[in-house]
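Participant: The structure is given below, and queries will be raised subsequently.
The values are calculated or read from the model by the stated rules, or taken from the named source; none is laboratory data. Owing to the predicted nature of the structure, the values given are computational and were not obtained by experimental measurement. As a convention, Cβ positions derive from the backbone with ideal geometry for all residues, glycine included, and neighbour counts pool all protein chains shown. Only protein heavy atoms, including side chains, enter the accessible area calculation; ligands, DNA and RNA are left aside. Shrake-Rupley method; radii C 1.70, N 1.55, O 1.52, S 1.80 Å.
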Amino acid sequence: MPGDTEPRVVEDFLGVVQLLSDGSVVRGDEAVLRSNEPLPDVPGVQWKDVLYHAAHGLSVRVYRPASSVAGGSKLPVLVYFHGGGYCLGSFAEPNFHSFCLRAAAEISAVVLSVQYRLAPEHRLPAAIDDGASFLSWLRGQAELGAGADPWLAESADFARTFLSGHSAGANLAHHVTVQVASGEIATTPVRIVGYILLSAFFAGADRTATEADPPAGVSLTTAMADQLWRMSLPVGASMDHPLANPFGPESPSLAPVELPPALVVAPLSDVLRDRVLGYGARLKDMGKAVEVVQFEGEQHGFSVRQPFGEAADELLRVIKRFAYSGN
């Protein structure tokens, strides 16, 4: 008909996520973005998927070392939110799955890898809301005691629960940790004793030095990060939106919030390096308990990039020390 026009592409992220002018989304195969390196086998770890939000069809992938069953010991719980700029990724993606297998085995923990809704189909705060819903589900499991999911009842020490995430998942972990610490999410008898941010995905309207002049060969460019934020933040929001910039002009102060101890991991060949280091510095200035660990020469997402290198091995040792440090 006269005047009819086909929807046009307004955002195209590497050919795998296209946002059209009518609001519809076309997705391609994300496998083209991954390495074809074979994933290492991790013997001795059991895993399964459990539905935690029926209405949204969201599941959590539960990992536990088989030795915890044989020995009858309760292990710390590591809640993990995958990365992908809030627009990509899945708890079932091979790189994230492999990391969680290794984490369960090498940290000696029950790892809970959480599925959440993605933008641009579900713009923020949808993913944050899903993180909060998951913690409510986990609280319900803890309240059930022996009636909880058998793996959790047998192996999970809910009083030693850590929230963690990679990239956008680290951003998500920050926000739900703040909600728990502020009393917005009730978790008892689950006790959040620490949180772990790996290559956290933060932003701001003013460029940092590494955003304006990135290290050579970065895996995540400033333009890529900007595009992911445009597709995930509420329509029309600036990069100083509180979900992107925890220290922006409209962000509530974290000073009065009794945050648990934080482990902040900063790869130094990352366009977001200054954001991550700045986050840790601001927390320290507020008197918060925070450990910042820097990885020289490592890229954004090194913790899940194949093949795993010595830095990824060392990261797991750092996380284990943090998890067993008596928090």
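Participant: Quick one: is PRO94 surrounded by 23 or more Cβ atoms within 10 Å (Cβ to Cβ), more than 13 Å from the chain's Cα centre (by Cα) and in contact (Cβ under 8 Å) with a residue 24 or more places away in the chain? Steps first, please.
Facilitator: Working: surrounded by 23 or more Cβ atoms within 10 Å (Cβ to Cβ): no; more than 13 Å from the chain's Cα centre (by Cα): yes; in contact (Cβ under 8 Å) with a residue 24 or more places away in the chain: yes.
Spelling it out, it is not the case that PRO94 is surrounded by 23 or more Cβ atoms within 10 Å (Cβ to Cβ), more than 13 Å from the chain's Cα centre (by Cα) and in contact (Cβ under 8 Å) with a residue 24 or more places away in the chain.
Participant: Which residues, counting only those in the stretch 282-323, are among the small types (Gly, Ala, Ser) and not in a loop (DSSP other than H, G, I, E, B)?
Facilitator: Once the filter is applied, which keeps residues that are among the small types (Gly, Ala, Ser) and not in a loop (DSSP other than H, G, I, E, B), the stretch 282-323 yields GLY297, ALA311, ALA312, ALA323.
Participant: Could we say that ALA31 is open to solvent by less than 50 Å² (accessible area, probe 1.4 Å), in contact with a strand residue (DSSP E or B) (Cβ under 9 Å, 6 or more places away or on another chain) and free of Cβ contacts under 8 Å to residues at least 24 places away in the same chain here?
Facilitator: Considered against the rule, which asks whether it is open to solvent by less than 50 Å² (accessible area, probe 1.4 Å), in contact with a strand residue (DSSP E or B) (Cβ under 9 Å, 6 or more places away or on another chain) and free of Cβ contacts under 8 Å to residues at least 24 places away in the same chain, ALA31 comes out as no.
Participant: Oh, and also: ALA255 - would you say it is in contact with a Pro (Cβ under 7 Å, 6 or more places away or on another chain), open to solvent by 50 Å² or more (accessible area, probe 1.4 Å), among the small types (Gly, Ala, Ser) and touching a residue at least 12 places away in the same chain (Cβ under 8 Å)?
Facilitator: So ALA255 does not fit the description; no.
Participant: With the checklist (1) out of contact with any strand residue (DSSP E or B) (no Cβ under 7 Å at 6 or more places or on another chain); (2) open to solvent by less than 40 Å² (accessible area, probe 1.4 Å) in hand, flag the one item ALA146 doesn't pass.
Facilitator: (2)
Participant: Given GLY147, GLY131, GLY183, GLY204, which one is under 18 Å from PRO234 (Cβ atoms), more than 17 Å from the chain's Cα centre (by Cα) and not hydroxyl-bearing (Ser, Thr, Tyr)?
Facilitator: Within the list GLY147, GLY131, GLY183, GLY204, the selection yields GLY204.
Participant: Right, another one. Return the pair list, or none, for Cβ contacts closer than 9 Å from residues in the stretch 165-177 that are without any contact (Cβ under 8 Å) to a residue 60 or more places away in the chain to residues that are in a helix (DSSP H, G or I) and open to solvent by 10 Å² or more (accessible area, probe 1.4 Å), at least 6 apart or on different chains.
Facilitator: Taking only residues 6 or more apart or on different chains, the pairs are VAL176/ALA132.
Participant: Collect the residues in the stretch 116-137 that are over 23 Å from PRO246 (Cα atoms) and touching a residue at least 60 places away in the same chain (Cβ under 8 Å), keeping them in residue-number order.
Facilitator: Hits for the stretch 116-137 are GLU121, TRP137.
Participant: Same structure, new question: Going through the stretch 215-235 one residue at a time, which ones are modelled with pLDDT under 95 and either surrounded by 14 or more Cβ atoms within 10 Å (Cβ to Cβ) or closer than 17 Å to TYR86 by Cα (or both)?
Facilitator: PRO215, VAL218, SER219
Participant: Still on this model: Of the residues in the stretch 34-67, how many are open to solvent by less than 50 Å² (accessible area, probe 1.4 Å), under 23 Å from the mean Cα position of the chain (by Cα) and touching a residue at least 12 places away in the same chain (Cβ under 8 Å)?
Facilitator: Counting residues in the stretch 34-67 that are open to solvent by less than 50 Å² (accessible area, probe 1.4 Å), under 23 Å from the mean Cα position of the chain (by Cα) and touching a residue at least 12 places away in the same chain (Cβ under 8 Å) gives 13.
Participant: So, in the stretch 170-204, of the ones that are under 21 Å from PHE13 (Cα atoms) and out of contact with any strand residue (DSSP E or B) (no Cβ under 8 Å at 6 or more places or on another chain), which residue ends up surrounded by the most Cβ atoms within 10 Å (Cβ to Cβ)?
Facilitator: PHE201
Participant: Let me ask you something else. So, in the stretch 262-294, exactly how many residues are open to solvent by 20 Å² or more (accessible area, probe 1.4 Å) and of a type in the set (A, V, I, L, M, F, W, C)?
Facilitator: Looking only at that region, the number is 8.
Participant: As an exercise: evaluate ARG139 against (1) open to solvent by less than 10 Å² (accessible area, probe 1.4 Å); (2) over 24 Å from LEU315 (Cα atoms) and give the number of the one condition it does not meet.
Facilitator: Every condition holds for ARG139 apart from (1).
Participant: Further question: For the condition within 22 Å of PRO189 (Cβ to Cβ) and among the hydroxyl-bearing types (Ser, Thr, Tyr), what is the one hit in SER167, SER68?
Facilitator: SER68
Participant: Further, regarding this structure: Would you be able to say whether some residue in the stretch 77-99 is modelled with pLDDT under 95, within 16 Å of LEU316 (Cβ to Cβ) and in contact with a helix residue (DSSP H, G or I) (Cβ under 7 Å, 6 or more places away or on another chain)?
Facilitator: The answer is no; no qualifying residue exists.
Participant: Kindly list the number of the only condition in (1) touching a residue at least 40 places away in the same chain (Cβ under 8 Å); (2) closer than 16 Å to ALA200 by Cβ that fails for ALA281.
Facilitator: So ALA281 meets the others, but not (1).
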